[in-house]
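In what follows, a single structure is set out as structure tokens and then discussed.
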Amino acid sequence: MGGGERHNGMIAQVLAAEGAQVDILGHAEVDLAAIGDHLGLDLAGCRYRLLPDRGDDAIAELSAEYDLFVNGSYMSRLVPRSTHAAHLCFFPTPADHDAPGWRKAAIRACGPLLRGVRPTVGYGTGWYPPEGGRRRQWIWTNGTGVLAVSAGGERELRADIGRPGATDAVRLHVQDADGQTLASVEVGGSFRTVAVPLPASSAGCELTLVSDTFTPASTNTGTGPPAPAGAAAPAGTAAPEGTAAPEGTGSRDLRQLGVAVSRPRVTDQHDGARARLALRFPWLLANPRDLDYLSSYDVVMANSAYTQGWIHRLWRVDADVLYPPIQVERLTPATTRERAVLTVGRLFAPGLGHAKRQLEMVEWFGELYHSGALPDWRMHVVGGCEESQLPYLEKIREIARDLPVDIHPNAPRHEVERLLSTCSVFWSATGYGEDNDRRPWTAEHFGMTTVEAMAGGCVPVVIDRAGQREIVRHGLDGLRWTSPAQLASFTRRLATEDGMRARLAASAVARAQEFSDAAFADRWREIATRHRLYAP
């Protein structure tokens with residue numbers, strides 16, 4: 001329930017307010033009222049449709065029921081069949097963006113030959129990000145992992161399954177969509193091939209891998225309920241360099257892990273040569289030049305001009321900008337400000353996307369504090385933290401030890417808004433240390449928390465890159481830095497020049513109104529009208 005979900009949800013809210021019958025499609029049990037409360041949305045006019053996770057083809061078939069289909073899933077290549085369709089792109093990240101060089105070359109050579117071939121096995125809910133090395137990659141379940149298998153005749157699903165780092169074996173049950181057990185096997189530490197017979201299916205099937213879990217940080221196997229986990233990357237995606245298997249005793253990994261799955265494939269004697277090649281090397285399907293699916297959409301929408309530019313560069317498509325909706329009206333700037341630096345953003349280690357760089361910012365604050373430049377100042381580090389990122393959180397806590405730094409993982413919304421409305425300075429460093437020309441997805445595509453901070457009266461001191469340039473006008477409603485030394489210099493000035501800080505803060509509050517919910521609704525209606533998305 002983050003910024004992307006609110007971006008999509010606000011489109012649903014606006015459509016429902018205009019009288020449309022709106023369905024929100026998803027693969028997990030959710031409470032729309034709870035989502036609305038958390039994200040500040042009115043979804044009372046919407047209906048939630050819980051769908052089995054059977055891949056893009058199943059959703060594409062379902063989309064034919066709708067007059068308008070809005071696809072807001074990151075890196076989705078779905079081909080809708082609705083009367084009209086809009087694609088909301090958070091960034092045009094190439095499908096092979098994290099593949100090693102030799103794989104990229106193979107993908108570009110073989111990709112055209114495999115165009116149109118669909119993966120027979122896909123990952124649904126209940127999976128952690130991929131890990132492993134060059135010889136083998138695997139993906140852990142959280143105790144209940146869902147695999148989607150495409151349509152086909154009678155065949156077998158085969159996968160190498162193990163529990164590297166676990167001290168005990170566990171019983172794995174493979175169940176169909178009706179809860180019937182298709183296979184029950186014991187899984188130990190080493191990988192071994194498991195075969196599951198599959199009945200013929202014209203619509204594909206959904207398999208659930210159910211097992212007890214263990215926590216690598218503990219020496220004992222746990223049997224409690226699985227912790228939430230995000231969907232994994234497509235099969236064949238390599239883990240970030242240096243990722244290791246859980247180590248058991250002494251590990252700081254607090255995830256609850258079920259079984260690790262490697263090389264899932266389906267045996268089918270009727271598969272042709274191209275299908276067999278795709279089954280053996282599924283990563284060959286990650287062809288970034290296969291963009292035929294985009295022609296199925298009336299409009300592609302970007303969340304910023306930065307993203308819009310990269311869409312044109314990578315996709316050769318002219319996109320419309322639909323900035324994210326920001327709840328500026330919920331933030332009331334406090335008259336008396338705490339002498340504090342605030343940073344807000346999801347807590348996750350570099351190498352897993354556009355990392356927010358909290359570790360570096362705490363180090364920089366420590367240097368300023370120890371130099372005597374920020375007497376009586378504090379720092380607040382706020383952000384959501386998943387189970388898989390607890391080791392990164394512990395690193396931040398270690399660096400912050402003996403510093404006036406307060407860390408607020410998974411803070412409730414009212415606490416986040418209090419800090420946004422009372423702190424004096426806001427820092428952002430997303431994209432620091434990255435080559436944004438070679439890896440542009442590592443930068444801040446827009447900067448929702450920057451706008452929130454401005455609406456709360458915090459003066460933004462943000463990295464001079466990507467989406468931040470569209471929000472903060474340097475010297476008018478904030479400051480943009482190009483080096484840690486410049487960040488330190490700007491912060492020292494704001495800490496000592498109250499007049500400057502007050503002037504920038506007032507301008508920042510006014511600037512934030514340009515990204516309000518009302519401004520979002522106006523932009524959406526203008527895009528919908530221009531592209532005739534409501535036309536019969």
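The values are calculated or read from the model by the stated rules, or taken from the named source; none is laboratory data. Bear in mind that the values here come from a model prediction, so they are computed numbers and not experimental data. Here the Cβ is made from the backbone with ideal geometry for all residues, glycine too, and neighbour counts use every protein chain on show. All accessible areas refer to the heavy atoms of the entire protein, side chains included, with ligands and DNA or RNA removed. Shrake-Rupley method; radii C 1.70, N 1.55, O 1.52, S 1.80 Å.
If residue 455 meets every condition in (1) over 19 Å from residue 361 (Cβ atoms); (2) open to solvent by 10 Å² or more (accessible area, probe 1.4 Å); (3) among the hydrophobic types (A, V, I, L, M, F, W, C) apart from one, which number is that one?
Just one mismatch for residue 455, condition (2).
Find all pairs meeting these conditions: Cβ atoms under 8 angstrom apart; at least six residues apart or on different chains; first residue within the range 317-344 and closer than 26 Å to residue 378 by Cα and part of a loop (DSSP other than H, G, I, E, B); second residue open to solvent by 20 Å² or more (accessible area, probe 1.4 Å) and of a type in the set (A, V, I, L, M).
Pairs that qualify, where the first residue is closer than 26 Å to residue 378 by Cα and part of a loop (DSSP other than H, G, I, E, B) and the partner is open to solvent by 20 Å² or more (accessible area, probe 1.4 Å) and of a type in the set (A, V, I, L, M), are 333/509.
Look through 403, 368 and report the one residue that is surrounded by fewer than 22 Cβ atoms within 10 Å (Cβ to Cβ), assigned to a loop (DSSP other than H, G, I, E, B) and of a type in the set (A, V, I, L, M). Give the steps one after another, and end with the answer.
On the way: 368 fails: assigned to a loop (DSSP other than H, G, I, E, B).
Sole residue among the options that is surrounded by fewer than 22 Cβ atoms within 10 Å (Cβ to Cβ), assigned to a loop (DSSP other than H, G, I, E, B) and of a type in the set (A, V, I, L, M): 403.
Output the residue which, of all residues in the range 98-153 that are in contact with a Lys or Arg (Cβ under 7 Å, 6 or more places away or on another chain) and hydroxyl-bearing (Ser, Thr, Tyr), is farthest from residue 198 (Cα to Cα).
Only one residue fits best here, namely 128.
So in the range 152-190, with the set limited to residues that are in a strand (DSSP E or B), touching a residue at least 24 places away in the same chain (Cβ under 8 Å) and open to solvent by 70 Å² or more (accessible area, probe 1.4 Å), which one is nearest to residue 130 (Cα to Cα)?
Ranking the qualifying residues of the range 152-190, first place goes to 158.
Find the strands (runs of 3 or more DSSP E) located wholly in the range 6-121 whose residues include 3 or more that are open to solvent by less than 20 Å² (accessible area, probe 1.4 Å) and among the small types (Gly, Ala, Ser), and list them. If you could, list the steps in order and put the result at the bottom.
On the way: elements: 22-26, 46-50, 68-71, 84-89.
Those strands (runs of 3 or more DSSP E) do not exist here; none qualify.
Within the range 64-94, track down each residue that is at pLDDT below 95 and touching a Pro at 6+ places or on another chain (Cβ under 7 Å).
Within the range 64-94, just 94 meets the criteria.
Could you tell me which residue of the range 458-502 is farthest from residue 322 (Cα to Cα), considering only residues that are open to solvent by less than 10 Å² (accessible area, probe 1.4 Å) and polar (S, T, N, Q)?
Taking the candidates together, the pick is 491.
Tell me whether the range 290-304 contains one or more residues that are in a loop (DSSP other than H, G, I, E, B), farther than 30 Å from residue 421 by Cβ and modelled with pLDDT under 95. Before the answer, list the steps.
Filtering the range 290-304 down to residues in a loop (DSSP other than H, G, I, E, B) leaves 290-291, 297-298, 303-304.
From what is left, the residues that are farther than 30 Å from residue 421 by Cβ are 290-291, 297-298.
Next cut, modelled with pLDDT under 95 only: 290-291.
Yes: the range 290-304 contains one or more residues that are in a loop (DSSP other than H, G, I, E, B), farther than 30 Å from residue 421 by Cβ and modelled with pLDDT under 95.
Every residue in the range 431-452 that is of a type in the set (Ser, Thr, Tyr) and open to solvent by less than 10 Å² (accessible area, probe 1.4 Å), please.
The answer is 442, 450.
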